[in-house]
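Below is one structure; the comments refer to it alone.
The values are calculated or read from the model by the stated rules, or taken from the named source; none is laboratory data. Note that the coordinates shown come from a computational prediction; the quantities given were computed from them, not determined experimentally. Glycine gets a Cβ as well: all are built from the backbone with ideal geometry, and neighbour counts include every protein chain shown. Just so you know, the surface numbers come from the protein's heavy atoms only, side chains and all, with ligands and any DNA or RNA stripped out. Shrake-Rupley method; radii C 1.70, N 1.55, O 1.52, S 1.80 Å.
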Amino acid sequence: MSDLTLVIGNKTYSSWSLRPWLALKQAGLSFAETVIPLRQPDTAARIAEHSPSGRVPSLIHDGLTVWDSLAICEYVAELAPQAHLWPADRAARAVARAVSAEMHSGFVSLRSTMSMDLKRDRKGQGMTEATAADIARIEALWADARSRFGGPAGGPFLFGTFTIADAMFAPVVTRLETYGVAVSPESRAYMDAVLDLPAMREWIAAAKAEPWEFEP
């Protein structure tokens, strides 16, 4: 589907852009990408050309624009049902949607104090009481999903094989890595599985090569 175009922010900082980009890659869909550097004088005007919300990402396909990360991931799941971006089991699928929605709307302190940054080592920075509470909740979500629906037999991701839930939490994985957050061995194994995805390695390499840089 080469007529798919994903409009994203620069890869170093745009956590919301990473989510649908990773879903598209994991679904095996061909797509063009338009990268709009953030925090530039013309950023708002350029984004407005592609997104009615004035934010990235947005997906453009056959005259349709989808402008929310989770909505784009849902759309990708419908375009590529063979990729099984949601679990086949009804209970697992319900929980995967719930944890994805919680990530979509929550964890405000983590977003604020540990913004995504793939160029710098920020170990020891950003930790507050509220951020620690966010991280504890995230680790609990991961542990619950892995124990109930993942496990060694099913694969290394939250629900065994890769799903949209993993795409939603991929930027969190990079944050915990960037800020050197100590996590449980189980969380560390999950993070390593996400970071080892070829698509994640591709995104991170592209981020490090970007010419744009600013303090998030």
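Taking the dipole about the Cα centre of the chain, with the C-beta of Lys and Arg at +1 and of Asp and Glu at -1, give me whichever of 70, 176, 88 is farthest to the positive side.
176
At a 1.4 Å probe, what is the % contribution of carbon and sulfur to the accessible area of segment 5-82? Working shown, then result.
Values: 1670 of 3270 Å².
Answer for segment 5-82 is 51 percent, counting heavy atoms of protein chains only.
Which value, in debye to the nearest 20, gives the size of the charge dipole of the chain about its Cα centre, when Lys and Arg are +1 and Asp and Glu are -1 at the Cβ? The partial results should precede the final answer.
On the way: 21 positive and 25 negative charges, 59 e Å.
Its charge dipole is roughly 280 debye.
Can I get the semi-axes of segment 1-90's equivalent ellipsoid? Compute them from the C-alpha gyration tensor as square roots of 5 times the eigenvalues, in angstrom, largest first. Mind dumping the intermediate values first?
Values: eigenvalues 115, 33, 24 Å².
Largest first, segment 1-90 gives 24, 13, 11 Å.
I'd like the FRET efficiency for residue 129 and residue 90, computed as 1/(1 + (r/R0)^6) with the beta carbon distance as r and R0 of 35 Å, rounded to 0.05. Write down the numbers at each step before the final one.
Numbers: r = 38 Å, r/R0 = 1.07.
Taking R0 as 35 Å, the efficiency between residue 129 and residue 90 is 0.40.
Along each of the three principal axes of the Cα atoms of the chain, give the extent in whole Å, ordering the values from largest to smallest.
44, 41, 27
Before I look further, what does the chain give for accessible area per residue, probe 1.4 Å, in whole square angstrom?
Working: 9630 Å² over 216 residues.
So the chain comes to 45 Å² accessible per residue, rounded to a whole number.
Using helices alone, what [θ] at 222 nm do you get for the chain, with -39,500 (n - 2.57) per DSSP H run of 4 or more residues, divided over all residues and rounded to the nearest 500? If you can, show how the numbers build up before the last one.
Details: 9 runs with 111 residues, N = 216.
The helix contribution divided over the chain gives -16000 deg cm²/dmol.
Rounded, prolate or oblate: which fits segment 83-201 when a ≥ b ≥ c are the square roots of the eigenvalues of the alpha-carbon gyration tensor, with rounded for a/c under 1.5 and prolate only if a/b beats b/c? Mind dumping the intermediate values first?
Details: a/c = 1.87, a/b = 1.55, b/c = 1.20.
Taking the square roots of the gyration eigenvalues as a ≥ b ≥ c, segment 83-201 is prolate.
Of all the accessible heavy-atom surface of segment 131-185, with the other protein chains kept in place and a 1.4 Å probe, what percent is carbon and sulfur?
Working: 1130 of 1880 Å².
Carbon and sulfur: 60 percent of the exposed surface of segment 131-185.
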